[in-house]
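Everything on this sheet refers to the single structure shown next.
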Amino acid sequence: MKRVVSGIKPSGDLTIGNYLGAMKRWADNQHLDGYENFFFVANLHAITVKQDAGLLRKRTFDIVAWLLTVGVDPNKSVIFIQSMIPAHSEICWILNNYVTMGELAKMTQFKDKSLKSGKEGQFVGLYDYPVLMAGDVLLYDADEIPVGMDQTQHIELCKAIAQRFNNIHGETFKIPKATLSKTTAKIMSLNDATKKMSKSESADSFIGLDEDPDSIIKKFKRAVTDSDNKISFSKDKPEISNLLTIYSEFADKTFDEIEKEYEGKGYGVFKNDLGEIVSQKLKDIQKTFSEIRDDEERLKNVIAEGNSNAGIIANEKMNVVKGILGLA
Ligand code: AQP
């Protein structure tokens, strides 16, 4: 049996980047034979940036509801909340002693985020985030981590930390591998195709899963494109290629089919249709979401059961690690 582990941060309202790059794939792949799935709300990761407590709690429940909405099935997948399993924080402290400051300083996400207030002005949590993430994975002996491209560097570091620990103390942690979707590993920002779409960036750069049709249509109309007006997927045309990826996913059509359909039509028509397609699909999903979100008792039960199942595995691994280190 192979084990799949992945998480999502409640650091903002979810975007179609989170959906296409992660949640939709989690739901699709949970039916594969021979796999056990663990999906969690990474709320300890969210606090590396200041959060409002009420909003953080709300978004934690929102994510669980979104997971159920997109088809993650609690009978097939364990859904849990990171902060409710103390082993995550504990393992992070231990693994901090198997990683260097030099390795952490190389992490692109830290470099990007620290640009805003300068490295010296950053809190240690942001710097240490990849170690917590390594713990999230290693606690569960995960085989595969389905993530977007932005997270692959962190998984490489996780492998290095696990290897180092194993070399010193003997085989303790399984070495995981990141699995990437061929097409949706990186959905880019609508106003800058060199940056990934992120829930904590400016509102016009992303489409939220809970966004209303008017706003979605407007945002796609305003999305940055080149001046060539030809709808084709190519490395030299990152903006329209990004929109084509989104179109293809939401309409379930290949690039070839879409390119043929829009031959000679130009960006205006294409962007308008894209807005209509995405908003229609999201409208349907949003209806299901609001029904699921309203039933907070059910969400609490899903979380309690998930925490209990995940906690058993995490605590077992924690006991092994503490035993090895003379901590228990
Ligand atoms: N734009 C994206 N394209 C493809 N996949 C993406 N993911 C996030 N953005 C994209 C994937 O979604 C999963 C959960 O991500 P996360 O919320 O835990 O963290 P993140 O990658 O830092 O996402 P954001 O939206 O950019 O959050 P903020 O703005 O708070 O930093 C991961 O598998 C991620 O790869």
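Structure data summary
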item	result
Test: residue 79 is farther than 21 Å from residue 2 by Cβ and either surrounded by 21 or more Cβ atoms within 10 Å (Cβ to Cβ) or among the aromatic types (Phe, Trp, Tyr) (or both)	no
Test for residue 303: is it touching a Ser or Thr at 6+ places or on another chain (Cβ under 7 Å) and at pLDDT 95 or above	no
Checklist (1) crowded, with 20+ Cβ neighbours inside 10 Å; (2) outside any helix (DSSP H, G or I); (3) within 15 Å of the ligand (Cβ to nearest atom) applied to residue 244, failing item	(2)
Enumeration of residues in segment 122-154 that are surrounded by 20 or more Cβ atoms within 10 Å (Cβ to Cβ) and touching a Pro at 6+ places or on another chain (Cβ under 7 Å)	137, 142, 145, 154
Filter result for residue 44 (at pLDDT 95 or above and either more than 9 Å from the ligand (Cβ to nearest atom) or in a loop (DSSP other than H, G, I, E, B) (or both))	yes
Of all residues making up segment 63-74, the number that are part of a helix (DSSP H, G or I) and either touching a strand residue (DSSP E or B) at 6+ places or on another chain (Cβ under 9 Å) or of a type in the set (Lys, Arg) (or both)	5
Residues located in segment 10-28, provided they are out of contact with any His (no Cβ under 9 Å at 6 or more places or on another chain) and near the ligand (Cβ under 7 Å from one of its atoms)	12, 15, 17, 18, 20, 21, 22
Residue match in segment 117-135 (condition: under 23 Å from residue 24 (Cα atoms) and within 13 Å of the ligand (Cβ to nearest atom))	yes
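The values are calculated or read from the model by the stated rules, or taken from the named source; none is laboratory data. Keep in mind that this is a model prediction, so the values were computed, not measured. Because the Cβ atoms are built from the backbone with ideal geometry, glycine has one as well, and the counts that use them run over all protein chains shown.
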